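What follows draws every value from the coordinates through simple rules; no lab data is involved. Since the structure is predicted, the reported quantities are computational estimates derived from the model, not experimental observations. All Cβ positions, even for glycine, are placed from backbone atoms using ideal geometry, and neighbour counts span all protein chains on display.
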Amino acid sequence: MKQKQFKLSKEDRKAAQLLAKLGMPKNLAKTLMYLSHVGECYSVDIEQGTDLKQPQVSIAMRELLKRKWVDEEINRAKTKGRPRHLYRIKTDLYDIMKDLEERKLREIENIKRDLSELKNLLAQRENF
């Protein structure tokens, strides 16, 4: 596979910032934005394209794998050395955004419910 020479654009970085403001870890958001452009790549490509360090990419990839948003293929070297991990995005960004939106809307509903319950409890207290 030819190495990708892609860097996140200003808009991609802004999208990653917005994802982070919505609760997604910043490194995960940057990694996700990168993968959404290139489709598949090695972790070294992500490091170069996002300006993240190797441990940051590894942590982000573990989370993306856990969420089942990416696939991983391990390429064992014929010589000595560590195997290379090829990552491939498998979930559309719009589906990820929709999932995030649904979770945030549920959080809002829970907050509203808790505020209403608190208001009722305080009102009952005043009546005593």
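When the Gaussian network model of the chain links Cα atoms closer than 10 Å, the mean-square fluctuations of Leu22, Leu105, Leu35 top out at Leu105. The charge dipole of region 1-91, taken about the Cα centre with unit charges on the Cβ atoms of Lys, Arg (+1) and Asp, Glu (-1), comes to about 180 debye, rounded to the nearest 20. Of the labelled figures [x] 1.46; [y] 1.16; [z] 1.04, only one reflects Cα Rg over 2.2 N^0.38 Å as derived from the coordinates, namely [x]. Counted over the chain, the DSSP beta bridges are approximately 100% antiparallel.
Computed from label points 7 Å out along Cα-Cβ, the spacing between Gln54 and Ala123 is 6.1 nm. In this calculation the C-beta distance from Lys7 to Glu102 is compared with R0 = 41 Å, giving a FRET efficiency of 0.85. Between Asp95 and Gln17, the simple label model (points 7 Å from Cα in the Cβ direction) yields a spacing of 3.0 nm. The distance from the alpha carbon centre of region 79-120 to that of region 30-49 is 19 Å, rounded to a whole number. The packing ranking, built from the mean of other Cβ atoms within 10 Å per residue, places the peptides 56-64, 114-122 in the order 56-64, 114-122, highest first.
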